[in-house]
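Reading through the structure tokens given below for one structure.
Nothing in this text is a laboratory measurement; each read-out follows from the coordinates by a stated rule. None of these values were measured; they are calculated from a predicted model. Here the Cβ positions follow ideal geometry from the backbone for every residue, glycine too, while neighbour counts run over all protein chains shown.
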Protein chains: 2
Amino acid sequence: MNHQADTRRPLSRERILDKAVALADEAGIDSVSMRNLAGRLGVVPMALYKHIANKEALLDGMIERIVSEIEPPTRGTDWKSGLRRRILSARSSLLRHPWASSLFESRTAPTPVVLDYMDSIADTFLTGGFPPDLTHQIMHTLGSRMWGFTQELFPSPPAPSDPGVREQVISQMAAHWPHIVVVASAADHTGEGIVGAGCDDQYEFEFALDLLLDGFERLRERRLSS
Amino acid sequence: MNHQADTRRPLSRERILDKAVALADEAGIDSVSMRNLAGRLGVVPMALYKHIANKEALLDGMIERIVSEIEPPTRGTDWKSGLRRRILSARSSLLRHPWASSLFESRTAPTPVVLDYMDSIADTFLTGGFPPDLTHQIMHTLGSRMWGFTQELFPSPPAPSDPGVREQVISQMAAHWPHIVVVASAADHTGEGIVGAGCDDQYEFEFALDLLLDGFERLRERRLSS
DNA sequence: ACCTGAACACCGTTCAAGT
DNA sequence: ACCTGAACACCGTTCAAGT
């Protein structure tokens, strides 16, 4: 038994979720299997099933842990800065656990904790003067950015450390996809301008978030004035 | 052999991908396993490995099929309407295969076909007068909407067909999450206004897309005039 | 009440062998 | 050159049995 299993403490939902999150942080989400997790807890796989219905429930429980870390809404601010702050808090919560955003994407049914968060976001808009139908549309528009993440579909290859090799990779890419290379090299807010290195995810996230929030504000003004 | 395997035709990458797409359409992406797929082709699992490196390569090949269905760029239009048209074409391509967007989300490394598409999107912006750094930022902002989909994180439970039961579910939800119910019921562009039924995904997608495109245009004007 | 052992029906992938 | 058989190291989950 090389995982120092603590067989004295009894198993519990809490202890299982703690270990699941720790295991995912340490070895990636793929290593969170019922069997492996049980092994880490010094227990036979079936022992888990007395505390957690099945694997889906385990994953939902892990999501719950992440969502619980998000800052509660701050009262007394305008909708825009309050929301901005809260979403950036959700983001930092997600960033602490690199597996979290892909797990989020894979879930289909929302749990109560997830609904609580969405309810409070809806409340922020409604209280901020957005009519319900507009709130509906802009919440769809916000999408996963409500949880502080975006799908990273743009290629950011692990840039080779050797500058010569890197140069070569870039020129090979440029032969096939010249516009991608131009655009990828133009992330000049870090002052580097190198493919796969000059892109600051936090900057990009806030850029997109602010574009959306400004867009929402404009729609709200248009509604209120008509 | 109840899957009418055609043992006369030789196996090929094309034939494997055809069957994989058909299998996913018919039985869901989870049923696309190397073993099950091989069975449908009347062949032993290992036979696939002579034509496709591994499961990852199979999934990448399936993505390729989807991306190939997207309309090529139309020359002679302004960047905005050309892009809008192309993205909506990507969307209809994705909608033909319900498993496609979640498969997209799961991929990490872009294939050449994927890079081709992104290169042509970048080209559209650059040719349309966007400087490279702004193009970089707005392509991040566009995110998965470039491919015609958004994560559906808003709860849309399968609405019970019985109106009485439905009424009851809604009032139970309203007890815990009143704002969600208000907002979900407000999708009045279909004239229904019922949770889980009144929401038109295509309308929501176009709403969000247009908000983004308008935002991009405004940023471009600001740059050009400064 | 809580944990265990053995089993079932699956995975992706390897290796050496067949034709 | 292309396909096969057997095996390895895994999955999630069931059931009946132990303490």
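When restricted to Cα atoms, the protein assembly as shown yields an Rg and a Dmax of 23.9, 73 Å, respectively. Ranked for footprinting exposure by Cβ neighbours inside 10 Å, fewest first, A:L41, A:L11 give A:L11, A:L41.
For the range A:1-103, GluC sites (Glu not before Pro) meeting the loop criterion (DSSP other than H, G, I, E, B) and having at most 16 other Cβ atoms within 10 Å: A:E69. Taking Cα centre as origin and charging only the Cβ of basic (Lys, Arg, +1) and acidic (Asp, Glu, -1) residues, the dipole magnitude of the protein assembly as shown rounds to 1040 debye. Local charge for B:A122 was computed over the other residues whose Cβ lies under 13 Å away, with Lys and Arg +1 and Asp and Glu -1, and equals -3.
Taking a ≥ b ≥ c as the square roots of the eigenvalues of the alpha carbon gyration tensor, chain A is oblate, as a/c is not under 1.5 and a/b does not beat b/c. In the distance distribution for the range A:10-86, Cα-Cα pairs more than 22 Å apart total 35 percent. Taking every alpha-carbon pair under 8 Å whose residues sit at least 6 apart, the range B:3-52 reaches a relative contact order of 46 percent.
Helix by helix through chain A, keep the DSSP H runs that span 30 Å or more along the axis on Cα and average at least -1.0 on Kyte-Doolittle, and give those back in order. Length and hydropathy pass: A:201-224. Measuring r between the beta carbons of B:E152 and A:D162 and using R0 = 60 Å, the FRET efficiency lands at 0.90.
Each Lys or Arg adds one and each Asp or Glu subtracts one; over the other residues with Cβ under 15 Å from the Cβ of B:H176, this totals -3.
For the range A:106-166, the Kirkwood hydrodynamic radius comes to 14.6 Å, computed from all pairs of different C-alpha atoms.
Mean partner shielding of peptide B:144-152, defined as the number of other chain Cβ atoms within 10 Å of each residue Cβ, is 4. Taking only C-alpha pairs under 8 Å that are 6+ residues apart, what is the relative contact order of chain A in percent? Relative contact order here is 14 percent. Neighbouring Cβ atoms from other chains, within 10 Å of the Cβ of residues in A:114-123, number 5 on average.
Each of A:R15, B:R145 was scored by other Cβ atoms within 10 Å of its Cβ. Arranged with the fewest first, they read A:R15, B:R145. In terms of its C-alpha gyration tensor, the range B:27-140 comes out prolate, because a/c is 1.5 or above and the ratio a/b outweighs b/c. Taking each DSSP H run with n ≥ 4 as -39500 (n - 2.57) and averaging over every residue of chain B yields -18500 deg cm²/dmol at 222 nm.
Each of A:H97, A:H136, B:H140 has some number of other Cβ atoms within 10 Å of its Cβ, and from fewest to most they run A:H97, B:H140, A:H136.
For the range B:3-52, what class follows from the C-alpha gyration tensor (a ≥ b ≥ c being the square roots of its eigenvalues): rounded when a/c is under 1.5, otherwise prolate if a/b is larger than b/c, else oblate?
In terms of gyration-tensor shape, prolate.
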